[in-house]
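Trainee: This is the structure I want to talk about, given as structure tokens.
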Amino acid sequence: MTTAAGTPTDRSVLPVTERYTLLGWLRRNLFSDLFNSLLTIVAVASIFIVARLILRWAFNTAEWGVIPANFNLIMRGQYPAIEAWRLWLVIYLLGTTVGLVWRLIVGQFNTTARILVAIPLVLMLIPFFSMGTRLYLMITAVASFAGYFIAGYLPIQHRGRAASYFVMAYLVVMLILLRGAGADDGPMPPVQPILWGGLLLSLLLAFFGITLSFPLGVLLALGRQSKLPAIRVMSVIYIEFIRGVPLISLLFMGQIMLQLFLPDGFPLVDRVLRALVAITLFSAAYTAENVRGGLQSIPRGQYEAAQAVGLSTYQSTIHIILPQALRAVIPVLVGQFISLFKDTTLVALVGIFDLLGIARTIIANPDWLGTQQEVFAVIAVLFWIFSYTMSFASRRLERRLGVGQR
Amino acid sequence: MSENASADEIIICQDVCKWFGDFQALKNCTLRVQAQEVVVIIGPSGSGKSTFIRCINRLEEHQAGDIIVDGIPLTRDVRNIEQIRSETGMVFQQFNLFPHLTVLENITLAPIQVRKMKKDEAMDTAMGLLNRVGIPEQADKYPGQLSGGQQQRVAIARSLAMSPKIMLFDEPTSALDPEMIKEVLDVMQELAETGMTMLVVTHEMGFAREVADRIVFMDGGEIMEVGTPEHFFTNAQHERTKLFLSQIL
Amino acid sequence: MQNIHASQVRPPFYRDERVLGVFSQILVVVIVLGLGLFFFNNMITGLREKHSVAITFSFLTQTAGFDIGESLIEYSRERTYLRAFVVGLLNTFQVAVLGIIFATALGILIGVMRLSTNFLVSKIAAVYIDIFRNIPLLVLLIFWAQGVFLKLPRVADAIVLADAFYLSNRGVAIPWGLPTDSWGTYLIVLAAGFIAGAVLAYFLREHGKRTGRMPLVTLWFIVTVAAVGLIGWIVLPQPMTLDVPTLEGFNTQGGKILSQQFMALLSGLIIYTAAFIAEVVRAGIQSVSKGQREAATALGLTAAQTLRLIIFPQALRVIIPPLTSQYLNLTKNSSLAIAIGYPDLFAVAGNTILNQTGREIEMFTMIMGTYLSLSLLTSFLMNIYNRRIRLVER
């Protein structure tokens, strides 16, 4: 996207009178000639028709009652209501961690930070939320502020390293909270992953899918670039095999055949875990290809310089090659995360109740027959919000990192 | 044991050959370099100058002949390769600084990782080297923020940080704007005066005349002529040497 | 004192670069093979407990015993499993080929709209792209099948477009050609037209090479074929009649009925993939630098010539590789048909046949082998193409 000076859209070259007037703008962008004017009229007409169709449906036809009635199901699936406090705790801690990490890495309370804090506050405005839910959202906002301020007083030298420790600690705590521990009648009884569901499960599957696939993907990418033919060939076979078959076939295989591959009594019985294995193996091949793009962008001189100063292959990979390659592919990996997040919907086809799976159970419920349009519209909008926000953020990140410009 | 060499000869290349596919890039190159000597290699582009010095620290693998650096034969033995690489520093035409590391980190990386030096000690050495190449104030910048000449001086400091016995320079000034060439050549001249053994591929004839102990002329993958600067610029023997000198002087 | 031939002494093997390289490869291969063998062994043991023979494809010749909703070739429940597999494969092909054609057309349209100087048109395209790129395809497909196509009126109250298209919850009935007796002759005429077009194109191209001014070869080819086709249509007695569906009682008669599942899958795939193709097209056209346009204008080329000779060939170079991967994605995505009940390869083989026979290994081998060979064939052709059009660069 380059808008060089001197193009017709550049205001400075237009006569003074046309510069900032509404009429001038309209003439330039909508009515510059006959064809353009015709296009504008057709466009306005189609926008009008589509908007009327959607608005009529949304305000007259649609029965929105199904959403508030099943809201908890959509958010957390079969996760026991009595244990919901654990999920809220996970969210508070997420707020705190984001606040902490933000202070440590970004360092200032800029516009993006304000938007992040505003999210829970805006969610409080959703009409059918109970006062309790609103209170919890408020606590989330307060928790993220708290994280931000606490980080300011911590005597920390290595900010980046500290931030990654905080994130790792959060992940461990999150898993313990979600999974539970101890006796069934204890304070935090175990909740089997098969009961996790809804948006919660979709996000978890995407997050752990990409995180677990990352090391494998990096290894495969390095293998594919290796000088040693046997290692290269095996990496290529894995990558091309996985990329050549549909995810759905891997998911089915994971459900039906994973058990066959493992010795008797191996504890991989949970459907969700089996799906996660399939997703991880799938995602690794795509991570590998993306990382390979980064590796290829590194000039040969970097390898040579690393060799010349005496670094071993391992040392130069860790200290010179990977840091540069990974930095170059961060935006691409965010893109991959988004598409993996969308792809997790496929687990609904193997009997797992993620966001889509839950939606299918809701419309199958006799109480809510015929609400396909409403339920699927809400699911689609939820997915859209998440993935659009992420791709928007990634584009900003890309500009900040200045990828492609040294 | 007829072909024994004196202990002062720090680099010995005997009949070194190298092929890229069918193309023979080096044809029986033989050269012996004394310790503390400065040897400048000149020749038309594509004559194998760069390939030759890149063979000495094994960035390229030679296929026939012998290379011995500081008494260590360069073979497929990984330990020997490691030793030779840590005893030779190399400066590239394109600098090849690590863009994701600061100037200081560029210099301290190898001492800390390879020599297992303490970080503080490595930083002190690095600052000393930056002082020596004249840019201590740039220590915390990233390579992308420096001019070409400054980057090349950092690259020299980075090589020196491993306290090498030999420095290889592969056209160190060819990628520089004219006004920056001198600052790099000055650093190299000063380095030569401290008694560093240097092998320099360059087109800078002024530098060759002033600093070199010997000049090597290569053409078509062969070493055509070796001699002192006076010999070269006044009394070159070989026709092709004369032709080359007449073209560039 | 040192011996300069020392470098010919072989180093001890544990320090030899080459030995180490070979050894590390062997190590990795052994680990991978060992793991593979371990899994394979477990699998065979497991299968032995279940079937008498661990792996066999002989069941493929047995009678399938199930119906398939739609098929391009003759099929009934008495046919074999292999036949059923082929039916699924052809259904996948059908959706993939039609999907690719329409998604390309729609994608190019939206990509070009995105680059329009008209503010509204460009924004409409942007909104389209942003919406459909960020919604999971499966959600879109199920919404489309269950929220739109199933909600259409019953056949008796079908929505009628232009007196020829009937939209109902059973699918879409469209007019369809019925070949008559002279259809065979007409096909021969058409083939002759193709040959004539190809010959003409060959001479035009040769002529173009000689003069350096390449005529619009493709256009002339199409014109020739169309002209011959039209003449044949007029001369021969009605090679084909148009069969328009009509509503009779609770059913439509005549024409061709495209099932609700097929339509939902096809239109979902088209809408979704078009958004991605639009981005590919936009990026491709924008990748041709402004300098190229300016240079062409400076040489005195007209706008059309610039587009045909300068912009288009360069943009195509950028567009083709990602476009191919979109085509492959569409083909693989068509396996989501299982969610809306269209009998494609995966639904027939991975679900029905597998459930009936319990032959997991065999069926997955066949399914994945099919998709894989499709992908590999495509990337093979792509590589050849890429090598042909690669810019000669140092």
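Trainee: Restricting to DSSP H runs of at least four residues, report the calculated mean residue ellipticity at 222 nm for the protein assembly as shown, -39500 (n - 2.57) per run over all residues, nearest 500 deg cm²/dmol. Intermediate values should be presented prior to the final figure.
Mentor: Values: 37 runs with 606 residues, N = 1049.
One gets -19000 deg cm²/dmol as the mean residue ellipticity at 222 nm.
Trainee: Looking only at the protein assembly as shown, where both bridge partners belong to it, what percent of the DSSP beta bridges are antiparallel (to the nearest 5)? List each step's numbers first, then the result.
Mentor: Details: 42 of 60 bridges.
If we restrict to bridges inside the protein assembly as shown, about 70 percent are antiparallel.
Trainee: Of B:His100, B:Trp19, B:Asn57, which is farthest towards the positive pole of chain B's charge dipole, taken about the Cα centre with +1 and -1 on the beta-carbons of Lys, Arg and Asp, Glu respectively?
Mentor: Of the options given, the answer is B:His100.
Trainee: Quick one, could you list the DSSP H helices from chain C stretching 18 Å or more along their long axis (Cα atoms) with average Kyte-Doolittle hydropathy of 1.0 or above? Walk me through the numbers before you get to the answer.
Mentor: Numbers: long enough: C:17-50 (50 Å, 1.21); C:81-114 (47 Å, 1.74); C:119-133 (21 Å, 1.39); C:183-211 (41 Å, 0.73); C:217-235 (27 Å, 2.34); C:260-287 (40 Å, 1.12); C:312-333 (29 Å, 0.10); C:360-389 (43 Å, 0.66).
The answer, listed by residue number, is C:17-50, C:81-114, C:119-133, C:217-235, C:260-287.
Trainee: Taking a ≥ b ≥ c as the square roots of the eigenvalues of the Cα gyration tensor of chain A, is the shape rounded (a/c under 1.5), prolate (a/b larger than b/c) or oblate? Present the calculation step by step, with values, prior to reporting the outcome.
Mentor: Working: a/c = 1.44, a/b = 1.06, b/c = 1.36.
Here chain A falls in the rounded category.
Trainee: Return the loop-located chymotrypsin sites (Phe, Trp or Tyr not before Pro) in region A:52-130 (DSSP other than H, G, I, E, B) with at most 11 other Cβ atoms within 10 Å of their own Cβ; answer none if there are none. List each step's numbers first, then the result.
Mentor: Values: sites: A:Trp57, A:Phe59, A:Trp64, A:Phe71, A:Trp85, A:Trp88, A:Tyr92, A:Trp102, A:Phe109, A:Phe128, A:Phe129; in loops: A:Trp64, A:Phe109, A:Phe128, A:Phe129.
Those that pass, being in a loop and sparsely packed, are A:Phe128.
Trainee: Continuing with the same structure: Which distance in nm do the two modelled labels at C:Glu206 and C:Leu82 give, with both placed 7 Å along the Cα-to-Cβ direction?
Mentor: Using points 7 Å along Cα→Cβ, the separation is 4.7 nm.
Trainee: Set the Förster radius R0 to 30 Å, insert the Cβ-Cβ distance between C:Gln286 and A:Val42 as r into 1/(1 + (r/R0)^6), and round the FRET efficiency to 0.05.
Mentor: Details: r = 24 Å, r/R0 = 0.81.
The formula returns an efficiency of 0.80 here.
Trainee: On to the next question. If R₀ is 41 angstrom, what is the calculated FRET efficiency for the pair B:His203 and C:Ala126, using the beta carbon separation as r and rounding to 0.05? Don't skip to the end; give the middle numbers.
Mentor: Numbers: r = 53 Å, r/R0 = 1.30.
Result of the calculation: an efficiency of 0.15.
Trainee: Measure off 7 Å from each Cα along the Cα-to-Cβ vector at A:Gln296 and A:Met138, then give the distance between these two points in nanometres to one decimal.
Mentor: Between A:Gln296 and A:Met138, the label points sit 5.5 nm apart.
Trainee: A further question follows. Quick one: Cα centre-to-centre distance for region A:163-184 and region B:70-86, in angstrom?
Mentor: First find each Cα centre; the distance between them is then 50 Å.
Trainee: On to the next question. May I ask which of B:Lys49/B:Lys242; A:Lys342/C:Lys332; B:Lys27/B:Lys49; A:Lys342/C:Lys123; A:Lys227/B:Lys18; B:Lys18/B:Lys49 have a Cα-Cα span longer than 22 Å here?
Mentor: On the way: B:Lys49/B:Lys242 18 Å; A:Lys342/C:Lys332 15 Å; B:Lys27/B:Lys49 12 Å; A:Lys342/C:Lys123 24 Å; A:Lys227/B:Lys18 20 Å; B:Lys18/B:Lys49 12 Å.
Exceeds cut-off: A:Lys342/C:Lys123.
Trainee: Another question, if that's okay. Once you've got the GNM for chain C with C-alpha springs shorter than 10 Å, pick whichever of C:Thr80, C:Thr306, C:Thr273 has the biggest mean-square fluctuation.
Mentor: Taking springs between Cα atoms under 10 Å, the residue moving most is C:Thr306.
Trainee: Could I ask something else about it? Multiply the residue gap between A:Tyr153 and A:Phe208 by 0.36 nm, knock off their C-alpha separation, and tell me the result in nm, one decimal place.
Mentor: Details: separation 55, 0.36 × 55 = 19.80 nm, distance 3.17 nm.
Residue separation times 0.36 nm, minus the Cα-Cα distance, leaves 16.6 nm.
Trainee: While we're here: Defining a contact as two alpha carbons under 8 Å apart and six or more residues distant in sequence, what relative contact order in percent does chain A show?
Mentor: Numbers: 387 pairs, mean separation 70.8, N = 406.
Reported as a whole number, the value is 17 percent.
Trainee: List the residue ranges in chain A for DSSP H helices whose C-alpha atoms run 24 angstrom or more along the long axis and whose Kyte-Doolittle average is 0.0 or above. Kindly include the intermediate steps, with their values, before the conclusion.
Mentor: Working: long enough: A:34-56 (33 Å, 1.99); A:84-105 (31 Å, 1.41); A:131-153 (33 Å, 1.11); A:159-179 (30 Å, 1.29); A:198-224 (37 Å, 1.94); A:271-296 (38 Å, 0.61); A:322-343 (28 Å, 1.03); A:372-401 (43 Å, 0.47).
Membrane-span-like by this criterion, though nothing is claimed about a membrane: A:34-56, A:84-105, A:131-153, A:159-179, A:198-224, A:271-296, A:322-343, A:372-401.
Trainee: Could you point to the residue in B:Pro143, B:Leu191, B:Ala157 farthest towards the positive end of chain B's charge dipole, with +1 and -1 charges on the Cβ of Lys/Arg and Asp/Glu respectively?
Mentor: Result: B:Pro143, furthest along the dipole toward the positive end.
Trainee: Would you please classify the overall shape of region C:180-333 from the alpha carbon gyration tensor, given that a ≥ b ≥ c denote the square roots of the eigenvalues, rounded means a/c under 1.5, and beyond that prolate means a/b larger than b/c while oblate covers the rest?
Mentor: Values: a/c = 3.07, a/b = 1.31, b/c = 2.34.
Note, shape of region C:180-333 comes out oblate.
Trainee: Report the Cα centroid-to-centroid distance between region C:135-214 and region B:235-249 in angstrom, as an integer.
Mentor: If you average the Cα positions of each part, the centres end up 74 Å apart.
Trainee: Moving on. Given C:Ala103, A:Ala364, A:Ile156, which one lies farthest toward the positive end of the charge dipole of the protein assembly as shown, if we put +1 on the Cβ of every Lys and Arg and -1 on the Cβ of every Asp and Glu?
Mentor: It is A:Ala364, whose Cα lies furthest towards the positive end.
Trainee: Kindly list the residues of region A:312-344 that lie in the label zone of A:Glu398, defined by a backbone N under 17 Å from the point 7 Å along the Cα-to-C-beta vector.
Mentor: Only A:326-340 pass the distance filter.
Trainee: Treat every Asp and Glu Cβ in region B:116-197 as -1 and every Lys and Arg Cβ as +1, leave all other atoms uncharged, and give the resulting dipole magnitude about the Cα centre to the nearest 20 debye.
Mentor: Working: 9 positive and 13 negative charges, 82 e Å.
Computed about the Cα centre, the dipole is about 400 debye.
Trainee: Same structure again: Quick check on region A:253-406: take the gyration tensor over C-alpha atoms, sort the square-rooted eigenvalues as a ≥ b ≥ c, and tell me if it's rounded (a/c under 1.5), prolate or oblate. Please list the in-between numbers first.
Mentor: Details: a/c = 4.96, a/b = 1.68, b/c = 2.96.
Oblate.
Trainee: Another question about this same structure. Around A:Pro331, with a cut-off of 11 angstrom between Cβ atoms, what is the net charge of the other residues, counting Lys and Arg +1 and Asp and Glu -1? Intermediate results must be reported in sequence, preceding the final value.
Mentor: Details: positive: A:Arg327, A:Arg395, A:Arg396, A:Arg399, A:Arg400; negative: A:Glu398.
Residues near A:Pro331 contribute +4 overall.
Trainee: Once you have the Cα-Cα distance between A:Ile105 and A:Leu273, take 0.36 nm times their residue separation minus that, and quote the gain in nm to one decimal. Write down the numbers at each step before the final one.
Mentor: Details: separation 168, 0.36 × 168 = 60.48 nm, distance 3.31 nm.
Length difference between fully extended and current span is 57.2 nm.
Trainee: Turning to a different aspect of this structure: Taking the simple approach of a point 7 Å from Cα along Cα-to-Cβ for both A:Leu55 and A:Ala183, what is their distance in nm?
Mentor: 6.2 nm
Trainee: Please identify the chymotrypsin sites (Phe, Trp or Tyr not before Pro) of region C:217-263 that satisfy two criteria: DSSP loop assignment and at most 15 other Cβ atoms within 10 Å. Which are they?
Mentor: Here the chymotrypsin sites (Phe, Trp or Tyr not before Pro) that fit, given the DSSP loop and packing criteria, are C:Phe250.
Trainee: Just the ratio, please: alpha-carbon radius of gyration of region C:91-237 over 2.2 N^0.38 Å, N its number of residues.
Mentor: Numbers: Rg = 22.2 Å, N = 147, 2.2 N^0.38 = 14.7 Å.
This ratio for region C:91-237 stands at 1.51.
Trainee: Residues with amide H under 5 Å of B:Gly65's amide H, sequence separation 5 or more or different chain, H placed in the peptide plane at 1.01 Å from N; which?
Mentor: B:Cys17
Trainee: Which value, in debye to the nearest 20, describes the size of the charge dipole of the protein assembly as shown about its Cα centre when Lys and Arg Cβ atoms bear +1, Asp and Glu Cβ atoms bear -1, and nothing else is charged?
Mentor: 1840 debye
Trainee: Any idea how far the Cα center of region B:103-169 sits from the one of region A:23-71, in Å?
Mentor: For region B:103-169 versus region A:23-71, the Cα centre distance is 61 Å.
Trainee: Can you tell me the dipole magnitude for region A:77-213 around its Cα centre, using point charges on the Cβ only (Lys, Arg +1; Asp, Glu -1), in Debye to the nearest 20?
Mentor: Values: 7 positive and 3 negative charges, 101 e Å.
With Lys and Arg at +1 and Asp and Glu at -1, about 480 debye.
Trainee: Taking a label point 7 Å from the Cα of A:Leu219 along the Cα→Cβ vector, which residues of region A:277-313 have an amide N closer than 16 Å to it?
Mentor: Within reach of a label on A:Leu219, which here means backbone N under 16 Å from a point 7 Å along Cα→Cβ, region A:277-313 contributes A:277-278, A:280-289.
Trainee: Right, next: When you look at the Cβ of every residue in B:73-83, what mean number of other chain Cβ atoms sits within 10 Å?
Mentor: Details: counts 9, 2, 9, 10, 9, 10, 4, 4, 5, 3, 1.
Other-chain Cβ atoms within 10 Å of each residue's Cβ, averaged: 6.
Trainee: Next up: If R0 is 60 Å, what FRET efficiency do you get for C:Phe66 and B:Asp140 from their C-beta distance, rounded to 0.05?
Mentor: Numbers: r = 72 Å, r/R0 = 1.21.
E between C:Phe66 and B:Asp140, to the nearest 0.05, is 0.25.
Values in this text are rule-based calculations from the coordinates and carry no lab data. Nothing here was measured: the structure is a model prediction, and the numbers come from that model. For neighbour counting, all protein chains shown are included, and Cβ atoms are generated from backbone atoms with ideal geometry for every residue, glycine included.
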